[in-house]
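Here's the structure, in structure tokens; my notes come after.
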There are 2 protein chains.
Amino acid sequence: MDRLRLCFAGLKADCFLVSHLPNIHYLCGFTGSAGLLLVENSRSTLFTDSRYRFQAAEEVHGARVVIAPRGLVRALGGRLRRRGGRLKVAYSPTHVTVAQKAALDAAAGARVRWVDGGDAVERLRAVKDASELAKMRAAGQLISATMDDVIPAMKPGVTELEVAAQIEYQIKQRGGSGPSFETIVASGPRSAWAHARPSRKPLRKNELVVLDQGAILDGYCSDMTRTVFLGRAPARIKGMYSAVLQALEAAKAAIRPGVSAGDVDAVARRTLGSFSRFFTHSTGHGLGLEVHEMPRLGKDETTKLDEGMIVTVEPGVYVQGLGGIRIEDDVVVTRRGAEVLTTTPRDFLEI
Amino acid sequence: MDRLRLCFAGLKADCFLVSHLPNIHYLCGFTGSAGLLLVENSRSTLFTDSRYRFQAAEEVHGARVVIAPRGLVRALGGRLRRRGGRLKVAYSPTHVTVAQKAALDAAAGARVRWVDGGDAVERLRAVKDASELAKMRAAGQLISATMDDVIPAMKPGVTELEVAAQIEYQIKQRGGSGPSFETIVASGPRSAWAHARPSRKPLRKNELVVLDQGAILDGYCSDMTRTVFLGRAPARIKGMYSAVLQALEAAKAAIRPGVSAGDVDAVARRTLGSFSRFFTHSTGHGLGLEVHEMPRLGKDETTKLDEGMIVTVEPGVYVQGLGGIRIEDDVVVTRRGAEVLTTTPRDFLEI
């Protein structure tokens with residue numbers, strides 16, 4: 001919260017209203033589903049409802065907790081009005097709906113001026129400290145150990161949903177609080193859907209299977225993709241796989257402090273060569289308390305990578321009718337380049 | 001979509017921009033994570049991105065699909081500008097952020113006037129048709145069968161996370177696409193947290209355990225809570241349980257077309273008697289494509305229940321230090337009263 005307070009001057013704001021739950025979690029430790037955090041220079045206040053009375057008392061640090069029986073926005077408005085005088089309050093327009101903003105306006109009254117706080121909290125979150133890095137390493141280990149176990153057991157006849165169930169069961173068995181997003185198990189033609197949901201379709205011989213999954217451990221997310229082939233793959237599939245793997249390794253090798261996110265994306269695309277027209281998404285994204293956060297490794301992104309940032313690297317090619325191949329690792333940006341957190345083997349696997 | 005078009009006149013709108021993904025799913029079948037649906041009188045258009053090219057082609061009905069390489073909002077703006085003339089576009093301020101609204105304003109240009117479309121789509125969704133009722137019955141059966149299996153196997157020493165893992169594994173094994181929300185397994189003092197997340201804490205003898213879970217099957221959600229005691233319960237716990245069960249049964253008995261949501265809530269509170277001061281949330285909520293939808297069974301809610309609505313009924317009492325008890329069923333409002341979809345026994349269980 002002190003690092004956020006350092007942004008007040010630049011924003012020309014007297015305080016910051018944090019409404020996005022992962023940002024609240026990051027700043028004061030609260031993990032409930034209803035909260036507003038007002039960060040002032042002298043103190044911070046978390047507004048939540050009666051369901052979270054005990055949980056907030058146990059979790060929150062660095063802020064006093066106000067249980068708001070008549071609504072969070074109303075309680076916040078009361079606090080702002082009591083401060084008196086003209087007040088500039090920063091908030092994040094990407095995390096407040098038009099309806100919520102109207103309610104905030106009404107509750108806060110005419111003396112409050114709202115200031116665009118941009119992604120100030122997200123920028124803080126992008127660079128992980130030592131305790132966060134330790135949690136991210138553990139989350140990467142957890143999903144790698146899970147997939148080391150699940151992949152060899154895959155066979156024709158098992159449904160996509162059964163494989164996903166096995167993965168998510170192991171995540172919790174190994175102490176994770178759950179998957180960091182809906183596990184993707186996409187086989188055959190469905191593997192060409194970059195974001196397919198697992199279905200009751202059974203795996204069949206001579207099919208590609210894309211497995212994309214992550215775990216949440218101590219609040220922090222991992223995200224890893226592997227693609228395997230059931231049976232002996234034709235040369236065309238092997239060529240595609242090899243191109244994707246080379247793109248992954250080249251992009252990871254390009255990662256270091258100071259390089260731009262867009263340059264890493266360009267390396268992946270260039271390495272894919274003629275397959276790059278089948279690469280329909282960006283190369284990666286930041287990872288932490290959320291499974292998608294700053295920075296994005298996309299075309300023309302100018303953000304410079306910084307020591308302590310964590311990103312996914314996940315080139316993929318998708319050919320309708322034939323199938324898709326994606327390989328994804330999580331990496332930390334360190335002084336010596338990319339430290340890779342996900343360790344399940346990447347060699348082409350025919351099972 | 002035709003039922004939504006009937007609302008245009010009342011809203012004084014020429015068309016409706018649907019941005020909330022479950023609403024898009026409901027209206028045109030698309031289940032991807034990025035979409036904007038423009039419903040016009042003569043036709044409808046779904047804007048999505050290249051990741052969903054194949055999936056949209058397979059899923060979407062009643063709308064043409066536009067893949068928007070330079071952004072959904074920009075493509076939508078182009079369509080609105082091409083229509084020409086002054087145009088009143090309804091949208092939902094509760095589902096559009098301040099930042100998205102600014103982008104929409106810029107893309108659509110000055111000739112578009114935005115109209116508050118309120119919860120027009122949510123109102124349509126609140127009343128389920130026959131095919132939706134069939135899916136909701138199946139989702140209720142799935143979670144009931146899962147819990148019939150999991151509850152007798154609980155014993156001291158197993159962690160909350162392991163029980164949750166078992167529940168979510170069975171949901172997928174039984175063909176569900178996953179849990180409809182993060183499964184709650186809260187034991188001992190943690191059972192007094194109405195929305196506790198499962199932890200690595202082992203279950204212990206002489207503890208209450210609250211189990212709150214749901215499944216998504218064919219896109220539709222169930223949501224059921226049971227509370228059990230590990231060991232022989234003291235009289236005070238038995239008394240609390242009996243009060244909650246009576247409140248559940250009384251509230252279900254009060255449900256019929258024409259009764260107000262607030263009256264059902266009042267019946268639950270009245271039946272809890274002296275325990276009602278420990279009942280810190282509302283009695284229930286609508287259920288369907290989302291696990292929380294219209295109507296809400298809360299204090300002073302004036303919404304009248306209608307045939308075909310589906311709601312949860314879930315009274316609970318939470319006493320810090322002692323623990324919590326909640327029992328929850330899903331019910332359909334029918335001409336003959338409540339049809340109960342969740343069947344796991346509700347008798348007090350000491351295991």
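A simple spin-label model places pseudo-atoms 7 Å from Cα toward Cβ; at B:E339 and B:A145 they are separated by 1.9 nm. Model label sites at A:R270 and B:R83, defined 7 Å from Cα along the beta-carbon direction, differ in position by 4.5 nm. Copy B relates to copy A by a rotation, and the B residue whose beta-carbon is nearest that axis, with the distance in whole angstrom, is B:Y169, 2. Between segment A:91-163 and segment B:5-39, the alpha-carbon centres lie 27 Å apart.
Rounded if a/c is under 1.5, else prolate if a/b beats b/c, else oblate: with a ≥ b ≥ c from the C-alpha gyration tensor eigenvalues square-rooted, which is segment A:1-87? Please list the in-between numbers first.
Working: a/c = 2.17, a/b = 1.31, b/c = 1.65.
Oblate, since a/c reaches 1.5 and b/c is not below a/b.
Charge dipole (Cα centre; +1 on Lys/Arg Cβ, -1 on Asp/Glu Cβ; no other charges) of the protein assembly as shown amounts to roughly 1720 debye.
For A:D218 and B:A9, what does the FRET efficiency come to when R0 = 45 Å and r is the distance between their Cβ atoms, rounded to the nearest 0.05? Here the calculated transfer efficiency is 0.25. Shape analysis of segment A:67-184 places it in the prolate category; the axes a ≥ b ≥ c from the Cα gyration tensor give an a/c of at least 1.5, with a/b above b/c.
Mean Kyte-Doolittle hydropathy of -1.0 or higher plus an axial Cα length of 18 Å or more: which whole DSSP H helices in chain B meet both?
Values: long enough: B:130-150 (30 Å, 0.19); B:160-173 (20 Å, -0.40); B:235-254 (28 Å, 0.45).
Span-like helices in chain B: B:130-150, B:160-173, B:235-254.
Distances between placed amide hydrogens fall under 5 Å for B:D223 paired with B:A215, all partners being 5 or more residues away or on another chain.
When B:P69 is represented by a point 7 angstrom out along its Cα-to-C-beta vector, the spacings to that point in the other copies are 6.0 nm, nearest first. About the centre of its Cα atoms, chain A shows a dipole size close to 1020 debye [charges on the beta carbon of Lys, Arg (+1) and Asp, Glu (-1) only; nearest 20 debye].
Counting pairs of alpha carbon atoms under 8 Å apart in space and at least six apart in sequence, what relative contact order in percent does chain B give?
On the way: 783 pairs, mean separation 51.4, N = 351.
That works out to 15 percent.
Within segment B:178-209, what residues put their amide N at less than 11 Å from the label point 7 Å along the Cα-to-Cβ vector of A:A57? Correct set: none at all.
Sorting A:180-188, A:28-36 by their mean Cβ neighbour count within 10 Å, with the most densely packed peptide first, gives A:180-188, A:28-36. Among the residues of A:214-222, the average count of other protein chain beta-carbon atoms within 10 Å of the residue beta-carbon is 0.
Order these peptides, B:333-343, A:39-49, by their mean beta-carbon neighbour count within 10 angstrom, highest first.
On the way: B:333-343: 16.5, A:39-49: 18.7.
My ranking of the peptides, most packed first, is A:39-49, B:333-343.
Find the all-direction average of the projected area of the Cα convex hull for segment A:144-298, expressing the result in square nanometres with one decimal place.
Reported value for the Cα convex hull: 9.3 nm².
Rounded if a/c is under 1.5, else prolate if a/b beats b/c, else oblate: with a ≥ b ≥ c from the C-alpha gyration tensor eigenvalues square-rooted, which is the protein assembly as shown?
Values: a/c = 1.32, a/b = 1.19, b/c = 1.11.
Note, shape of the protein assembly as shown comes out rounded.
Take A:T302, push a point 7 Å out from Cα through the beta-carbon direction, and compare it with the same point in every other copy: 5.4 nm, smallest first.
Average partner chain C-beta neighbours within 10 Å, per residue of B:176-182? Show your work: numbers first, answer last.
On the way: counts 2, 7, 10, 3, 0, 1, 4.
Taking the mean over all residues of the peptide, I get 4.
Taking only DSSP H segments of four or more residues, each worth -39500 (n - 2.57), what value at 222 nm results for chain B once the sum is divided by all its residues, to the nearest 500 deg cm²/dmol? Counting only the DSSP helices, I get -10500 deg cm²/dmol.
Projecting the Cα atoms of B:V96, A:G231, B:L230 onto the charge dipole of the protein assembly as shown, computed from C-beta unit charges around the Cα centre, puts B:V96 farthest toward the positive end. If you model chain A as an ellipsoid using its alpha carbon gyration tensor, with each semi-axis the square root of five times an eigenvalue, the axes come out at 42, 22, 17 Å, biggest first.
For the listed peptides A:83-90, A:171-178, a ranking on the average number of other beta carbons within 10 Å per residue, highest first, reads A:171-178, A:83-90. For the residues of A:98-110, the average number of beta carbons from a partner chain within 10 Å of their own beta carbon is 3.
Each Lys or Arg adds one and each Asp or Glu subtracts one; over the other residues with Cβ under 13 Å from the Cβ of A:N23, this totals -1.
Estimated from the Cβ-Cβ distance and a Förster radius of 45 angstrom, the FRET efficiency linking B:D105 and A:K205 is about 0.25. Distances between copies of B:R256, taken at a point 7 Å out from Cα along the Cα→Cβ vector and listed shortest first: 7.8 nm. Simple rule: put +1 on each Lys or Arg Cβ and -1 on each Asp or Glu Cβ in the protein assembly as shown, find the dipole, and look at A:G323, A:G298, B:A130; the Cα lying farthest toward the positive end is A:G298.
Computed from the coordinates by the stated procedures, all read-outs in this text should not be read as laboratory data. This one's a predicted model, so the numbers in the text were calculated from it and none came from an experiment. Quick reminder, even Gly has a Cβ in these numbers, built from the backbone with ideal geometry, and neighbours come from all protein chains shown.
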